[in-house]
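The structure under discussion appears below in the form of structure tokens.
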Amino acid sequence: DLAARGLPPIGQPANSDTLWNFIVAELGETLAEFAPHLKRELLHDGGLILLDGLDEVPDAQQRRLQVKQAVQDFVAVFKPCRFLVTSRTYAYQRQDWKLDHFAEVVLSPFTPAQIDRFVESWYTHIGAIRHLDRRDTQARAELLKRAIRGSTRLSELAGRPLLLTLMASLHAWRGGSLPEKREELYADAVDLLLDQWESPKVVYDALGQPVRQPSLAEWLKVDRAVVRGELNRLAYEAHRAQPQLVGTADIDQGKLVASLIDVAARRDVNPLQLIVHLRDRAGLLAARGEGVYTFPHRTFQEYLAACYLTDHGFPDDLADLARADVNRWREVTLLAGAKASRGTTSAAWNLAEALVCCDVPPVNAAHEEADTWGALLAAQTLLENDPEHLKQPAKRNVPKLECVRLWLRAIVERGWLPPTDRLLAGNALAVLGDDRNFDELITIPASPFLMGSATLTDDEKPQHEVTLPAYRIGKYPVTNAQYLRFVQATNCEWPTRAGQQPEKANHPAVDVSWHDARAYCDWLTSEWRASGRITTDEAVRLPTEAEWEKAARSTDGREWPWGNEWDATKCNNGELELNGTSSVGMFPAGASLNGCLDMAGNVWEWTTSLWGEDLMTPQFKYPYDPADGREDVAANDEVRRVLRGGSFYYDRRYARCAGRSRSVPSDRDRYLGFRVVVSGYLSTPLPSGPLHSGTLEKSR
């Protein structure tokens, strides 16, 4: 409003008077005499000044610079006051109009409790204005709260006040229900906004008499579908031309009016009246400033662009856009795929085929980044729109699905795409079928190596040389799919839902205690001996911490498995902020010299070694000596066991090869997992206690 009505002419500077005069003008005649008292109060005693919508100032003709000048000078003059300025986060990233000496904070999303409170208040309001029975409104509020809690997608949307408001409106509009699919939710939301924008409206003339204002479609004398089609086109063109990859695009008023007049059946449309009609109605387009319109949220811009692309050149044009600029067209592609698939799921397969247009190149051969993005979007399209047929696709779709699957495996194994997107590829691969050999073992030859650290925590000192016999260790941590087979075979307890989620089948098994891990090793020993994979003189067990550290750092004393320079993108650690486990092996650049994967980050891994520190047992100090009792597998459950590797939650200090932690053997947590070792009885470094004291019964 200030930009539209209160700024000096273009090119002239603005100051504190600019903003103060605007405030006085907004008081109107009734409160005009209050202005001097307000000014004196603010100058002497202070107050809280709220300036909303900094990002809504149109960027043309340097209006934002004038607003910045006005605000900065106003702050300097009204020193006792405190100021709160709001802006969408994306818009405030531009350095040239950031406000000086302002602290920046991000508005938190609604908490679950705040979402519940909003829904209850919303339906109390709806009940009052619709004269509904109180019990009915409470029941509807409960239905909406349950719908939000029961859907990850709706929960994500509900944290944003704008979308929660729309969701509540839609729920009430539909009589107490919401569509489950995202595309259908957006479609209904757009219909609701269009309905609000389109509906006839009662306004009052100069004499206070009610006058019915026709809907936009009535006024233009065109079918509502024609108006919607034009909005789809405008959204597509605005999205395509928008320089930023976040937020909504500005739509020039002249272009908007011209496009609507162009489709109007009547030829006497007054452009000025049309502008008033658009500006004064809240709906699918909103005025962002003088001569500038925008969609209420990027979601709607993307959805309308998707609607346009399903009707124009689908799927090839859409696939070309997505492959060339995935950050701009990713959401549009997924929404378009979902919309097109409403009629027939073959649309999803056609889009997937257009997105993946070649086979995976050989190992070490060059690849096109567009192909990797296309494969990820193809997988997401199929998972969202035809999950029922992924296990048994139609014969004509089998080659398409296999091509997508092989691309996903290559993305994970070869480290293509940024980690956040590689995580999505790994999850999709788990559903489509991850056929990597998760039982693969790496041979660690007999040789001395440096253990511990010379400079860091006392728990790792002194650094010293340890010689171990040869052994084999798992290339990967044990996965959910592997551990689930053990659980099903033995009916043992596993208090986690992650292992039953198809998209996490290739993630490390978590919520596994030390006893659980040893019971798995006992079971696997029997399985592998029966199949001839290991001899009767060999056994599967947990590694000692010395075996674990040697596999991670090899013999050159390196700091991290990949070398001596920290790189947060080479492992799933807290600094990468994936905030959960990831598909094993998706950080090939972080492999140890021996070829072991995920030895930094992802999950803490149990070892057999005792840390000590119960009431009766002191901490075992370095140098590491397997004969001093620290490898006693029969020690009581109050004595802590050593953990290695860090996890997705911890920073670089714990991702080091020498990094150590500990926990009691009965502990289960979402960041505790393990990997296995195979060795012969004669070569085992476990001198104290039985090699396999853990039993399935104890695990239960």
Formal net charge of residues neighbouring P315 (Cβ-Cβ distance under 13 Å; K, R +1; D, E -1): -2
Using a simple spin-label model with points 7 Å from Cα along the Cα→Cβ vector, what separation in nm is obtained for D317 and A241? 1.6
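Once you list every other residue whose beta carbon is under 14 Å from the beta carbon of T536, what net charge do they have if Lys and Arg are +1 and Asp and Glu are -1?
Values: positive: R529, R533; negative: E527, D537, E538.
Net of charged neighbours comes to -1.
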Near the amide H of S663, under 5 Å away, which other amide H atoms are found, from residues 5 or more places off or on another chain, if H is placed in the peptide plane? R641, L643
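About the Cα centre of region 483-557, how large is the charge dipole given +1 on each Lys and Arg Cβ and -1 on each Asp and Glu Cβ? Please answer in debye to the nearest 20. Don't jump to the answer; show the numbers that get you there.
Working: 9 positive and 12 negative charges, 43 e Å.
The dipole magnitude comes to about 200 debye.
Would you work out the charge dipole size for the chain about its Cα centre, treating the Cβ of every Lys and Arg as +1 and the Cβ of every Asp and Glu as -1, and quote it to the nearest 20 debye?
Working: 81 positive and 96 negative charges, 183 e Å.
With Lys and Arg at +1 and Asp and Glu at -1, about 880 debye.
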Can you give me the angle between helix 63-77 and the longest principal axis of the chain, using Cα atoms only, in degrees from 0 to 90, rounded to the nearest 10? 90
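Using 0.36 nm per residue of separation minus the Cα-Cα distance, give me the extension gain between T30 and E493 in nm, one decimal. Could you put the intermediate results ahead of the total?
Details: separation 463, 0.36 × 463 = 166.68 nm, distance 7.32 nm.
This chain segment gains 159.4 nm when fully extended.
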In whole Hz, with x marking every Gly and Pro, tabulate ³J(HN,Hα) for region 401-415 from phi via Karplus 6.51 cos²θ - 1.76 cosθ + 1.60, θ = phi - 60°. 5, 5, 5, 4, 4, 5, 5, 4, 4, 5, 4, 6, 6, 9, x
How do 221-230, 97-106 rank on mean C-beta neighbours within 10 Å, highest first? 221-230, 97-106
Mind checking the full-extension length gain between E638 and D435? Use 0.36 nm per residue of separation minus the Cα-Cα distance, one decimal, nm. 69.1 nm
Summarise the accessible area of region 15-71 (1.4 Å probe, protein heavy atoms) by the percent that is carbon and sulfur. 52
Quick one: helix 346-355 against the long Cα principal axis of the chain, what's the angle to the nearest 10°, folded into 0 to 90? 80
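Given R₀ = 30 Å, FRET efficiency for R529-D625 by Cβ-Cβ distance, to 0.05? Walk me through the numbers on the way to the answer.
Numbers: r = 31 Å, r/R0 = 1.03.
Result of the calculation: an efficiency of 0.45.
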Relative to the longest principal Cα axis of the chain, at what angle does helix 35-44 sit, 0 to 90 degrees, rounded to 10? 30
What part of the accessible area of region 319-375, given as a whole %, is carbon or sulfur when the probe is 1.4 angstrom? 45
Using the charge dipole of region 368-494 (Lys, Arg: +1 at Cβ; Asp, Glu: -1 at Cβ; taken about the Cα centre), state which of A430, P418, L456 has its Cα farthest towards the positive end. A430
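Determine, from the Cβ-Cβ distance of R5 and H101 and an R0 of 35 Å, the FRET efficiency 1/(1 + (r/R0)^6), rounded to the nearest 0.05.
Working: r = 27 Å, r/R0 = 0.78.
According to the calculation, E is roughly 0.80.
Under unit Cβ charges (Lys, Arg +1; Asp, Glu -1), what dipole magnitude, rounded to 20 debye, does region 407-451 have relative to its Cα centre? Numbers along the way, then the final one.
On the way: 4 positive and 6 negative charges, 31 e Å.
In total the dipole reaches around 140 debye.
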Volume per residue that the Cα convex hull of region 1-40 spans, once the total is divided by residue count, Å³: 63
On the Cα set of region 390-472, report Rg and Dmax in Å, please. 21.1, 63
Hey, if you put +1 on the Cβ of every Lys and Arg and -1 on every Asp and Glu Cβ in region 1-70, which of P9, L50, A32 ends up farthest toward the positive end of that dipole? P9
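Report, to the nearest whole %, how much of the accessible area of region 491-619 belongs to carbon and sulfur atoms, 1.4 Å probe, protein only. Before the final figure, lay out the partial values.
Values: 2040 of 4400 Å².
Carbon plus sulfur share of accessible area: 46 percent.
Between T344 and R82, how high is the FRET efficiency from 1/(1 + (r/R0)^6) when r is the Cβ-Cβ distance and R₀ = 51 Å? Nearest 0.05. Walk me through the numbers on the way to the answer.
Details: r = 58 Å, r/R0 = 1.14.
Step by step, r from the Cβ atoms, then E = 0.30.
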What whole-number value in Å² describes the accessible area per residue of the chain for a 1.4 Å probe? 46
Hey, of (1) 85, 65, 51; (2) 94, 59, 58; (3) 102, 71, 58, which did the structure itself give for Cα extents along the principal axes in Å when calculated? (3)
For region 30-155, the spread of Cα positions along each principal axis, largest first, Å: 54, 39, 27
By average C-beta atoms within 10 angstrom, highest first, the peptides 539-549, 656-666, 520-530: 539-549, 656-666, 520-530
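In percent, what relative contact order does the chain have, based on Cα pairs under 8 Å that are 6 or more apart in sequence? Provide the component values of the computation, followed by the final result.
Working: 1158 pairs, mean separation 59.9, N = 700.
Contact order relative to length: 9 percent.
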Taking amide hydrogens as modeled 1.01 Å from N in the peptide plane, which residues meet the under 5 Å criterion relative to Y471, leaving out close sequence neighbours? I444
Charges on Cβ only, +1 for Lys and Arg, -1 for Asp and Glu, centred on the Cα centroid of the chain; of V478, P109, V642, which one is farthest towards the dipole's positive end? P109
Count charges around W122 for me, please; just the other residues with Cβ under 13 Å from its Cβ, Lys/Arg as +1, Asp/Glu as -1. +1
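The values are calculated or read from the model by the stated rules, or taken from the named source; none is laboratory data. Note that the structure is predicted; figures quoted are calculated from it, not measured. Glycine gets a Cβ as well: all are built from the backbone with ideal geometry, and neighbour counts include every protein chain shown. Surface accessibility is based on the protein's heavy atoms, side chains included, excluding ligands, DNA and RNA. Shrake-Rupley method; radii C 1.70, N 1.55, O 1.52, S 1.80 Å.
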